[in-house]
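First comes the structure, then the notes that go with it.
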Amino acid sequence: MENKRKRCIFISFIGVMLFLFVSFYNKLISPNGSSQPVMVSPQSKLDQWEDPGPYHVAYPRNYRFIMDDTATCRNRTPFLLLMVPVAPSDVEARDTIRKTWGSEKSVLGQTVETLFILGLPGGPDHEQQQEKLHQENLQHRDLIQGRFQDTYRNLTIKTMLTLEWLSLYCTKASYYMKIDSDMLLHVPNLVKLLLDPKTPKQKYMSGLVWWHSPVIRNPFNRFYMPARVFAEPEYPPYPLGMAYVMSLDLPAKLLQMSSQIKPIYIEDAYLGMCLQRLGLAPTDPPEDTMFLVLPKHPLSNCRLSKVIAVTTESRQQMMSYWQKSKRLEAEC
Ligand SMILES: *[C@@H]1O[C@H](CO)[C@@H](O)[C@H](O)[C@H]1NC(C)=O
């Protein structure tokens, strides 16, 4: 009896030691230099935010919209809203879109509007850049700007702010597409898909769906994700970030879920995580010719007439695809 008790105490002792060792070891190997004692500078005392580290993003924080005086969704309710995340400095991309697919405002009897979403410009000339953005917005009234640093690694913040803006102002519109600025969008084909009676009006998200997207464990890859941040070998299914469309009941639902899931820097995979937590899955488009990524050859007229969104190699190519698609439409 006495022996048994001794053994029990001994085992507990070993257990506690092991626990202490593991906790300490984890601290030692965790990133952001937290192996050093944490110095609380006056600055970080004021700023209560924790450092998100390299694989998460600083969201939610109460980022404000510093520019969003567009009439879209406030005075007018479009059927389809196109939102283009774009770098503040990339006025050329915005102008190309304004001249091409962004100019299509009435399609198959439905209203379509295009807005650009951006963060704060960086660099030594950020004040001049901000002034230029104001001028640009005075002219077009199509910029939505959030108060966060606009960097590639902050893309998830941009995505989540887009959802916030939509859930605040745009719940009466039917659909929203997020589309990158280097894409060609065939607006009539998209509207046709959305008007199809088989397309759900709620809880709907579509695009080029990755059903089994492996989590990249090679630290030299741009999309590296360590197992301690995301343990499963595959992300939940999600449509590729280049172009996805969703019904406008989803932004509020996704945002609600996002408060339970720490945001990672890969924005489309993160939306997949939120979608899964909602118990939803994305929908494949009816034809796999509709969403194309990096096609090996330039699109023939036939393929162009079936596409909804395709990546392009240059602004010239985007322009010429768009002009060609307009000609093809006119012929039919
Ligand atoms: C992301 O934006 C936040 C808010 O502006 C900023 O504090 C942070 O440094 C940015 N992160 C990166 C990686 O750019």
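The values are calculated or read from the model by the stated rules, or taken from the named source; none is laboratory data. For clarity, every value in this text was computed on a predicted model and none was experimentally measured. FYI the Cβ positions are ideal-geometry reconstructions off the backbone, even for glycines, and counts take in every protein chain you see. The protein model used for the area step is the full one, side chains on, heavy atoms only, and it has no ligands, DNA or RNA in it. Shrake-Rupley method; radii C 1.70, N 1.55, O 1.52, S 1.80 Å.
The figures follow:
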| item | result |
| --- | --- |
| Full-stretch length increase - S259, Q149 - with 0.36 nm per residue and alpha-carbon distance subtracted | 37.5 nm |
| Cα-projected label distance for N62 with D90, points at 7 Å along beta-carbon direction, nm | 3.1 |
| Theoretical gain in end-to-end length, C302 to K99 [0.36 nm per residue, Cα-Cα removed] | 70.7 nm |
| Beta bridges by DSSP in the chain, antiparallel share as percent, to the nearest 5 | 55 |
| Point-to-point label distance, N218-K326, nm (Cα→Cβ direction, 7 Å offset) | 4.2 |
| GluC sites (Glu not before Pro) restricted to segment 251-332 and DSSP loop, no more than 14 other C-beta within 10 Å | E287, E313 |
| Distance in nm between pseudo-label sites at D196 and Q128 (7 Å out along the Cβ direction from Cα) | 4.9 |
| Within the chain, helix-based [θ] at 222 nm, where runs of 4 or more DSSP H residues each add -39,500 (n - 2.57), nearest 500 | -11500 deg cm²/dmol |
| Degrees between helix 155-169 axis and first principal axis of the chain (Cα, 0 to 90, nearest 10) | 60 |
| Principal axis box of segment 197-274, alpha-carbon based, largest edge first, Å | 44, 26, 18 |
| Length released on extending from E287 to H140, taking residue separation times 0.36 nm less the Cα-Cα span | 49.4 nm |
| Cα-based helix-to-principal-axis angle, 2-29 vs the chain, degrees rounded to 10 | 40 |
| Of the chymotrypsin sites (Phe, Trp or Tyr not before Pro) in segment 189-228, those whose Cβ has at most 16 other Cβ within 10 Å and which sit in DSSP loop | W211, F220, F223, Y224 |
| The chain: angle of helix 315-331 to the longest principal axis, Cα-based, in degrees nearest 10 | 50 |
| Solvent-accessible area, 1.4 Å probe, carbon plus sulfur percent, for the chain | 57 |
| Mean Cβ neighbour count within 10 Å, used as a protection proxy, ranking 250-258, 189-197 highest first | 250-258, 189-197 |
| 12 Å beta-carbon shell around V112, net charge (K/R +1, D/E -1) | 0 |
| Positive-pole candidate from L118, T156, Q145, dipole of the chain, charges at beta carbon | T156 |
| Cut-off 9 Å between beta-carbons: net charge of the residues surrounding Y63, Lys and Arg +1, Asp and Glu -1 | +2 |
| Accessible area (Å², per residue) of the chain, counting only protein heavy atoms and a probe of 1.4 Å | 56 |
| Cα-Cα separations in the chain greater than 34 Å, expressed as whole percent | 32 |
| Total charge dipole magnitude, the chain, about the Cα centre, Cβ charges on Lys, Arg, Asp, Glu only, Debye to nearest 20 | 1020 |
| Rounded to the nearest 20 debye, dipole of segment 159-290 from Cβ charges on Lys, Arg, Asp, Glu | 380 |
